[in-house]
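J.: Before I ask anything, here is the structure I am working with.
The values are calculated or read from the model by the stated rules, or taken from the named source; none is laboratory data. Owing to the predicted nature of the structure, the values given are computational and were not obtained by experimental measurement. For neighbour counting, all protein chains shown are included, and Cβ atoms are generated from backbone atoms with ideal geometry for every residue, glycine included. Note: areas computed on protein heavy atoms with side chains; ligands, DNA, RNA excluded. Shrake-Rupley method; radii C 1.70, N 1.55, O 1.52, S 1.80 Å.
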Amino acid sequence: MKNFLKEAYKEAEKAFKEDEVPIGAVIVIDGKIISRGHNNREKSQNAIKHGEIIAIEKACKKLKSWRLENATLYVTLEPCPMCAGAIANARISKVIYGCKEKTSQDGLCEKILSSQRLNHKVELIYDESMSEEISNLLAHFFKNKRKNT
């Protein structure tokens, strides 16, 4: 089976080259990528243009439905609260992420995705097979940002 997390990483590399926080995502249904996204907040000057949101928007447009019930989202970094809410609202079945958000030690993403307030639950899986690569890309990006300020 194709390594979809590696495909999400390729999206993160695109973001890095565009001087965006390097986070990438792909949405998969039936073993095929139906959409891709990477962070685009700086270029768009839009606070919600995270990789996950962009991938969700593209998938909904492609399927002509806001319900992505049989979809799996692969994302390089543990989703933020905004993206977790969008994932749950899009009815995505499963999220596989490749690196833990180091500033979020409280399990907030998991709490949101499993909240009793939502009528849809999302399976959340941490796949650490690429965590070092992803972490290094993020660290390199922020090191460059600090150096240039």
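J.: When residues of segment 69-101 are filtered for being in a loop (DSSP other than H, G, I, E, B), open to solvent by 60 Å² or more (accessible area, probe 1.4 Å) and under 21 Å from Ile48 (Cα atoms), how many remain? Even if it seems obvious, please write down each step before you answer.
T.: To start, the set of residues in segment 69-101 that are in a loop (DSSP other than H, G, I, E, B) comprises 69-71, 76-80, 90-93, 98-101.
Now restrict to residues that are open to solvent by 60 Å² or more (accessible area, probe 1.4 Å): 69-70, 100.
Add one more test, that the residue is under 21 Å from Ile48 (Cα atoms), and what stays is 100.
Selection size over segment 69-101: 1.
J.: Cβ-Cβ distance below 6 Å, separation of 6 or more or different chains: which pairs start in segment 3-22 with a residue that is open to solvent by 70 Å² or more (accessible area, probe 1.4 Å) and end on one that is not β-branched (Val, Ile, Thr)?
T.: Correct list of pairs: Lys14/His38.
J.: Would you mind telling me which numbered condition in (1) among the hydrophobic types (A, V, I, L, M, F, W, C); (2) open to solvent by 30 Å² or more (accessible area, probe 1.4 Å); (3) touching a Phe, Trp or Tyr at 6+ places or on another chain (Cβ under 9 Å); (4) part of a loop (DSSP other than H, G, I, E, B) Trp66 fails?
T.: Unmet for Trp66, out of (1) among the hydrophobic types (A, V, I, L, M, F, W, C); (2) open to solvent by 30 Å² or more (accessible area, probe 1.4 Å); (3) touching a Phe, Trp or Tyr at 6+ places or on another chain (Cβ under 9 Å); (4) part of a loop (DSSP other than H, G, I, E, B): (3).
J.: State whether one or more residues within segment 102-121 are in contact (Cβ under 8 Å) with a residue 60 or more places away in the chain and not in a helix (DSSP H, G or I). Full working, then the answer.
T.: Residues of segment 102-121 that are in contact (Cβ under 8 Å) with a residue 60 or more places away in the chain, as a first pass: none.
Within segment 102-121, none of the residues are in contact (Cβ under 8 Å) with a residue 60 or more places away in the chain and not in a helix (DSSP H, G or I).
J.: If you don't mind, there's one more thing I want to ask. Can you name the residue in segment 1-24 that is touching a Lys or Arg at 6+ places or on another chain (Cβ under 8 Å) and among the acidic types (Asp, Glu) and is also farthest from Lys143 (Cα to Cα) among such residues?
T.: Glu7
J.: Same structure, new question: If you go through segment 9-37 one residue at a time, how many are farther than 19 Å from Lys94 by Cα and part of a strand (DSSP E or B)?
T.: Going through segment 9-37 one residue at a time, the tally reaches 0.
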